[in-house]
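Any read-out appearing in this document is the output of simple, stated calculations on the displayed coordinates, not a laboratory observation. No experiment lies behind these values; they were computed from the predicted model shown. Note that we place each Cβ from the backbone using ideal geometry, even for glycine, and neighbour counts take in every protein chain shown.
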């Protein structure tokens, strides 16, 4: 069910996708067949949510994000701009596997997540990180390849300090 403005496509939401209450889908976005989007989800411009994806409530997906088929995104997740989750560790192959992002995860802009990886509950993936292995719950990873640098408690303290205007 593509929406149009003056005959030009604005976005595409598959007819069999299930969209929760209060969902916002911005311009030129795609939501594929049999995807399930929870309540109060925001999907940014140019995002591509492929088929069979499940996204939990109160999740925010920024612009230009790619979420591959069969992926599972939890509740209260933030995925920053241009993050890419993959579904084929040996492209192009005939066997695809999604990514699992558990509840309360933050994924920074430009991060890349390898097919089949699980991002544990409450963890943080730094911007630009390349995640090739599972991320344990409550940990912060960064780098190429991504490695654990500290835990979520320290991340939250640094975030609060930043928001209060203190230098890091």
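A few remarks follow.
- The slack in the chain from residue 42 to residue 90, taken as 0.36 nm per residue of separation less the alpha-carbon distance, amounts to 14.2 nm.
- Its Cα gyration tensor gives the chain an equivalent ellipsoid, and the semi-axes of that ellipsoid, as √(5λ) in whole Å with the largest first, are 27, 19, 14.
- Where the Cα pairs of region 62-122 fall when distances are cut into 5 Å bins, in %: 5, 21, 28, 28, 11, 6, 1
- Using a Förster distance of 41 Å, the FRET efficiency for residue 148-residue 10 (Cβ separation, nearest 0.05): 0.50
- Subtracting the Cα-Cα distance of residue 161 and residue 26 from 0.36 nm times their residue separation leaves 45.4 nm of extension gain.
- Derived value for region 7-89: Kirkwood hydrodynamic radius 12.2 Å. Basis is the mean of 1/r over every pair of different alpha-carbon atoms.
- Relative contact order of the chain, pairs being alpha-carbon contacts under 8 Å that are 6 or more residues apart, as %: 11 percent
- Put in order of Cβ neighbour count within 10 Å, fewest first, the listed residues 59, 132, 86 become 132, 86, 59.
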